[in-house]
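Asker: Pasting a structure here, questions to come.
The values are calculated or read from the model by the stated rules, or taken from the named source; none is laboratory data. Source: prediction; values computed, not measured. Don't worry about glycine lacking a Cβ; one is built from the backbone with ideal geometry, like all the others, and counts go over all protein chains shown.
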Amino acid sequence: MKKTSFALAGLVALGAAFSASADQFEDAIQYRKAAFTLIKANFGPMGAMAEGKMPFDKAAFAARAANLEALAKMPWEHFIEGSDMGDTKSKPEVWSKAKDYKAEVDKFEAAAAKLATVAKGGDEKAMKAQFGATAKTCKSCHSDFKNK
């Protein structure tokens, strides 16, 4: 009876550990999705301003660029091993080509930081140009590391 109790207790503990890991992975996926949603929420209006689809507001653009700079650092720590399964659009290359992925992330972070700096200067033409450069870093990462 004691062997059965110990075996059952072990299975319960193993199941709880697996459940915690599954929750951890799902939390990581949800966190990075939320961060990407906030990135998009700031990126979209800047793009609309840069493309002339809405009036260019230098102060609003600069505020969104500052938000983007902070947000650009958020999702990456949540691309943890094991979070490649579940409801995610991440390609397996995020993990199998981690060095290349990190290089793309670094480009995006640098471009977002530069966009915030340029936006503080208030030069509309420079803001639009740097927005375009920042958008290119998004597109290149999406092409290689995100499923549609």
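Asker: Within the range 75-93, work out how many residues are surrounded by 14 or more Cβ atoms within 10 Å (Cβ to Cβ) and among the small types (Gly, Ala, Ser).
Answerer: Looking only at that region, the number is 2.
Asker: Taking the range 89-130 on its own, how many of its residues are acidic (Asp, Glu) and under 18 Å from residue 39 (Cβ atoms)?
Answerer: Count: 3.
Asker: Hey, among 118, 94, which residue is in contact with a helix residue (DSSP H, G or I) (Cβ under 6 Å, 6 or more places away or on another chain), among the β-branched types (Val, Ile, Thr) and at pLDDT 95 or above?
Answerer: Numbers: 94 fails: at pLDDT 95 or above.
Of 118, 94, the one residue that is in contact with a helix residue (DSSP H, G or I) (Cβ under 6 Å, 6 or more places away or on another chain), among the β-branched types (Val, Ile, Thr) and at pLDDT 95 or above is 118.
Asker: Next up: Kindly check whether there is at least one residue in the range 66-75 that is over 23 Å from residue 22 (Cα atoms), more than 14 Å from the chain's Cα centre (by Cα) and part of a helix (DSSP H, G or I). Walk me through how you get there before you give the answer.
Answerer: If we filter the range 66-75 for residues that are over 23 Å from residue 22 (Cα atoms), which is where we start, we get 66-73.
Now restrict to residues that are more than 14 Å from the chain's Cα centre (by Cα): 66.
From the residues that got through so far, the ones that are part of a helix (DSSP H, G or I) too are 66.
Scanning the range 66-75 turns up at least one residue that is over 23 Å from residue 22 (Cα atoms), more than 14 Å from the chain's Cα centre (by Cα) and part of a helix (DSSP H, G or I).
Asker: Now for a separate question. Give the number of residues within the range 76-100 that are small (Gly, Ala, Ser) and assigned to a loop (DSSP other than H, G, I, E, B).
Answerer: Initially, the range 76-100 is screened for residues small (Gly, Ala, Ser), giving 82-83, 86, 90, 96, 98.
Add one more test, that the residue is assigned to a loop (DSSP other than H, G, I, E, B), and what stays is 82-83, 86.
Residues meeting the conditions: 3.
Condition check ((1) touching a residue at least 60 places away in the same chain (Cβ under 8 Å); (2) touching a Cys at 6+ places or on another chain (Cβ under 7 Å); (3) surrounded by fewer than 14 Cβ atoms within 10 Å (Cβ to Cβ)) across all residues:
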{"position": "71", "(1), (2), (3)": "no, no, no"}
{"position": "95", "(1), (2), (3)": "no, no, no"}
{"position": "103", "(1), (2), (3)": "no, no, yes"}
{"position": "108", "(1), (2), (3)": "no, yes, no"}
{"position": "113", "(1), (2), (3)": "no, no, no"}
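Asker: In the range 24-83, what count of residues is obtained for those that are under 20 Å from residue 113 (Cβ atoms) and among the β-branched types (Val, Ile, Thr)?
Answerer: 1
Asker: Need the failing condition index for residue 146 against (1) over 22 Å from residue 26 (Cβ atoms); (2) without any contact (Cβ under 8 Å) to a residue 60 or more places away in the chain, just the number.
Answerer: Result: residue 146 fails condition (1) only.
Asker: Residues being part of a helix (DSSP H, G or I) and either among the charged types (D, E, K, R) or at positive phi (or both): count how many of those fall in the range 101-148. Before the answer, list the steps.
Answerer: Step one: list which residues in the range 101-148 are part of a helix (DSSP H, G or I), which gives 101-121, 124-145.
With the extra rule that they be either among the charged types (D, E, K, R) or at positive phi (or both), the set shrinks to 102, 104, 106-107, 109, 114, 120, 124-125, 128, 136, 139, 144.
Number satisfying all stated conditions: 13.
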